[in-house]
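Worksheet for the structure shown next.
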(Lines give C-alpha, C1' and ligand atoms only; values in the text may rest on other atoms or scores of the structure.)
Protein backbone atom coordinates (compact mmCIF):
# COMPACT_ATOMS: atom_id res chain seq x y z
CA UNK A 1 0.00 0.00 0.00
CA UNK A 2 1.26 3.48 -0.82
CA UNK A 3 2.03 5.86 2.00
CA UNK A 4 -0.60 8.59 2.31
CA UNK A 5 1.77 11.26 0.91
CA UNK A 6 2.66 9.15 -2.14
CA UNK A 7 -0.98 8.21 -2.59
CA UNK A 8 -1.99 11.87 -2.28
CA UNK A 9 0.48 12.78 -5.02
CA UNK A 10 -0.94 10.06 -7.28
CA UNK A 11 -4.48 11.31 -6.69
CA UNK A 12 -3.36 14.90 -7.37
CA UNK A 13 -2.05 13.83 -10.78
CA UNK A 14 -5.49 12.40 -11.63
CA UNK A 15 -7.16 15.60 -10.47
CA UNK A 16 -4.81 17.87 -12.43
CA UNK A 17 -6.76 19.92 -14.95
CA UNK A 18 -5.01 18.37 -17.95
CA UNK A 19 -5.06 14.75 -16.80
CA UNK A 20 -7.93 13.79 -19.10
CA UNK A 21 -9.50 11.77 -16.30
CA UNK A 22 -13.23 11.22 -16.58
CA UNK A 23 -15.74 11.98 -13.83
CA UNK A 24 -15.66 8.47 -12.33
CA UNK A 25 -11.85 8.56 -12.05
CA UNK A 26 -12.02 12.06 -10.59
CA UNK A 27 -14.62 10.93 -8.02
CA UNK A 28 -12.39 8.01 -6.99
CA UNK A 29 -9.38 10.33 -6.74
CA UNK A 30 -11.27 12.80 -4.54
CA UNK A 31 -12.30 9.86 -2.35
CA UNK A 32 -8.66 8.78 -2.11
CA UNK A 33 -7.59 12.27 -1.07
CA UNK A 34 -10.34 12.21 1.58
CA UNK A 35 -8.92 9.00 3.05
CA UNK A 36 -5.41 10.48 2.98
CA UNK A 37 -6.74 13.49 4.92
CA UNK A 38 -8.06 11.16 7.65
CA UNK A 39 -4.59 9.66 8.01
CA UNK A 40 -2.88 13.00 8.58
CA UNK A 41 -1.60 13.76 12.06
CA UNK A 42 -3.96 15.11 13.29
CA UNK A 43 -6.67 13.88 10.94
CA UNK A 44 -8.11 16.62 8.70
CA UNK A 45 -11.79 15.72 8.89
CA UNK A 46 -12.94 19.04 7.42
CA UNK A 47 -10.60 18.65 4.44
CA UNK A 48 -11.79 15.06 4.01
CA UNK A 49 -15.41 16.23 3.97
CA UNK A 50 -14.57 18.82 1.31
CA UNK A 51 -13.04 16.10 -0.84
CA UNK A 52 -16.14 13.92 -0.37
CA UNK A 53 -18.33 16.82 -1.49
CA UNK A 54 -16.16 17.13 -4.61
CA UNK A 55 -16.36 13.37 -5.19
CA UNK A 56 -20.15 13.41 -5.00
CA UNK A 57 -20.29 16.46 -7.27
CA UNK A 58 -18.16 14.59 -9.83
CA UNK A 59 -20.78 11.82 -9.82
CA UNK A 60 -23.83 14.09 -10.09
CA UNK A 61 -25.41 14.28 -13.50
CA UNK A 62 -23.39 11.41 -14.92
CA UNK A 63 -24.75 8.05 -15.94
CA UNK A 64 -22.90 5.89 -13.44
CA UNK A 65 -23.51 4.85 -9.88
CA UNK A 66 -21.42 6.23 -7.07
CA UNK A 67 -18.06 4.42 -7.14
CA UNK A 68 -17.39 2.04 -4.25
CA UNK A 69 -14.33 4.14 -3.38
CA UNK A 70 -16.60 7.11 -2.60
CA UNK A 71 -18.86 4.96 -0.41
CA UNK A 72 -15.80 3.60 1.40
CA UNK A 73 -14.28 7.05 1.91
CA UNK A 74 -17.58 8.37 3.26
CA UNK A 75 -17.66 5.56 5.83
CA UNK A 76 -14.00 6.07 6.78
CA UNK A 77 -14.52 9.81 7.34
CA UNK A 78 -17.64 9.14 9.43
CA UNK A 79 -15.82 6.57 11.57
CA UNK A 80 -12.73 8.75 12.06
CA UNK A 81 -14.94 11.68 13.05
CA UNK A 82 -16.77 9.47 15.57
CA UNK A 83 -13.46 8.13 16.91
CA UNK A 84 -12.19 11.67 17.46
CA UNK A 85 -15.50 12.68 19.08
CA UNK A 86 -15.06 9.82 21.55
CA UNK A 87 -11.43 10.77 22.22
CA UNK A 88 -9.95 7.68 20.57
CA UNK A 89 -6.26 8.24 19.99
CA UNK A 90 -6.03 11.45 22.00
CA UNK A 91 -6.13 10.10 25.56
CA UNK A 92 -3.24 11.09 27.80
CA UNK A 93 -0.76 8.32 28.49
CA UNK A 94 -1.16 6.48 25.20
CA UNK A 95 1.28 7.04 22.35
CA UNK A 96 1.23 5.94 18.74
CA UNK A 97 3.54 2.93 19.06
CA UNK A 98 2.15 -0.61 18.99
CA UNK A 99 2.70 -1.17 22.73
CA UNK A 100 0.79 2.00 23.61
CA UNK A 101 -2.08 1.08 21.30
CA UNK A 102 -2.20 -2.41 22.85
CA UNK A 103 -2.26 -0.82 26.33
CA UNK A 104 -5.11 1.45 25.25
CA UNK A 105 -7.05 -1.56 23.93
CA UNK A 106 -6.42 -3.47 27.19
CA UNK A 107 -7.68 -0.51 29.23
CA UNK A 108 -10.87 -0.36 27.16
CA UNK A 109 -11.42 -4.11 27.64
CA UNK A 110 -11.06 -3.69 31.41
CA UNK A 111 -13.62 -0.86 31.30
CA UNK A 112 -16.02 -3.09 29.33
CA UNK A 113 -15.70 -5.86 31.94
CA UNK A 114 -16.18 -3.40 34.81
CA UNK A 115 -19.31 -1.89 33.26
CA UNK A 116 -20.73 -5.33 32.48
CA UNK A 117 -20.01 -6.52 36.04
CA UNK A 118 -21.97 -3.52 37.38
CA UNK A 119 -24.84 -4.36 35.04
CA UNK A 120 -24.41 -1.06 33.17
CA UNK A 121 -25.17 -2.23 29.65
CA UNK A 122 -25.12 1.28 28.19
CA UNK A 123 -21.61 1.96 29.48
CA UNK A 124 -20.42 -1.47 28.34
CA UNK A 125 -21.80 -0.84 24.84
CA UNK A 126 -20.17 2.60 24.73
CA UNK A 127 -16.81 1.02 25.62
CA UNK A 128 -17.38 -1.74 23.02
CA UNK A 129 -17.97 0.94 20.38
CA UNK A 130 -14.83 2.72 21.58
CA UNK A 131 -12.95 -0.58 21.24
CA UNK A 132 -14.21 -1.06 17.68
CA UNK A 133 -13.17 2.47 16.74
CA UNK A 134 -9.78 2.01 18.41
CA UNK A 135 -9.13 -1.13 16.40
CA UNK A 136 -10.20 0.66 13.21
CA UNK A 137 -8.60 4.08 13.75
CA UNK A 138 -5.51 3.30 15.82
CA UNK A 139 -4.55 -0.25 14.86
CA UNK A 140 -6.08 -0.13 11.35
CA UNK A 141 -7.48 -3.62 11.95
CA UNK A 142 -10.85 -3.82 10.23
CA UNK A 143 -11.50 -7.44 11.20
CA UNK A 144 -10.97 -6.77 14.92
CA UNK A 145 -13.11 -3.62 14.67
CA UNK A 146 -15.94 -5.62 13.12
CA UNK A 147 -15.60 -8.29 15.83
CA UNK A 148 -15.95 -5.62 18.53
CA UNK A 149 -18.99 -4.10 16.80
CA UNK A 150 -20.58 -7.53 16.43
CA UNK A 151 -20.09 -7.99 20.18
CA UNK A 152 -22.41 -5.01 20.70
CA UNK A 153 -25.06 -6.77 18.61
CA UNK A 154 -24.54 -9.99 20.56
CA UNK A 155 -24.45 -8.56 24.09
CA UNK A 156 -26.10 -5.17 24.04
CA UNK A 157 -27.92 -2.65 21.88
CA UNK A 158 -28.53 -4.60 18.67
CA UNK A 159 -29.57 -1.53 16.70
CA UNK A 160 -26.55 0.60 17.64
CA UNK A 161 -24.25 -2.37 17.06
CA UNK A 162 -25.77 -2.97 13.63
CA UNK A 163 -25.30 0.69 12.67
CA UNK A 164 -21.62 0.57 13.64
CA UNK A 165 -21.19 -2.76 11.83
CA UNK A 166 -22.65 -1.38 8.60
CA UNK A 167 -20.34 1.65 8.71
CA UNK A 168 -17.36 -0.64 9.30
CA UNK A 169 -18.42 -2.97 6.47
CA UNK A 170 -18.52 0.01 4.09
CA UNK A 171 -15.15 1.29 5.31
CA UNK A 172 -13.34 -2.06 5.30
CA UNK A 173 -14.88 -3.73 2.25
CA UNK A 174 -13.75 -6.97 0.67
CA UNK A 175 -13.96 -10.44 2.15
CA UNK A 176 -13.58 -9.17 5.72
CA UNK A 177 -16.78 -7.15 5.30
CA UNK A 178 -18.57 -10.02 3.54
CA UNK A 179 -17.76 -12.38 6.44
CA UNK A 180 -18.86 -9.73 8.91
CA UNK A 181 -22.17 -9.26 7.08
CA UNK A 182 -22.84 -12.99 7.27
CA UNK A 183 -22.05 -13.04 10.97
CA UNK A 184 -24.29 -10.01 11.55
CA UNK A 185 -27.14 -11.78 9.76
CA UNK A 186 -26.66 -14.86 11.92
CA UNK A 187 -26.66 -12.79 15.12
CA UNK A 188 -29.56 -10.62 14.04
CA UNK A 189 -31.87 -13.50 13.26
CA UNK A 190 -30.69 -15.84 16.03
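The values are calculated or read from the model by the stated rules, or taken from the named source; none is laboratory data. Nothing here was measured: the structure is a model prediction, and the numbers come from that model. Please note: Cβ atoms are built from the backbone with ideal geometry, for glycine as well, and neighbour counts cover all protein chains shown.
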Candidate set: the range 73-99, residues that are over 30 Å from residue 28 (Cα atoms) and out of contact with any helix residue (DSSP H, G or I) (no Cβ under 9 Å at 6 or more places or on another chain); chosen: the one surrounded by the fewest Cβ atoms within 10 Å (Cβ to Cβ)
92
With the condition kept exactly as written, say whether any residue in the range 114-133 is under 10 Å from the mean Cα position of the chain (by Cα), surrounded by 15 or more Cβ atoms within 10 Å (Cβ to Cβ) and in contact (Cβ under 8 Å) with a residue 12 or more places away in the chain.
yes
Give the number of residues within the range 1-24 that are surrounded by 15 or more Cβ atoms within 10 Å (Cβ to Cβ) and modelled with pLDDT of 80 or more.
2
Those residues of the range 60-72 which are surrounded by fewer than 18 Cβ atoms within 10 Å (Cβ to Cβ) and in a helix (DSSP H, G or I), in sequence order
68, 71
Which residue is farthest from the chain's Cα centre (by Cα), if the candidates are limited to the range 77-97 and must be assigned to a helix (DSSP H, G or I) and touching a residue at least 40 places away in the same chain (Cβ under 8 Å)?
84
Any residue at all in the range 102-122 that's under 27 Å from residue 27 (Cα atoms) and not assigned by TED's automatic domain parsing to the domain that holds residue 51?
no
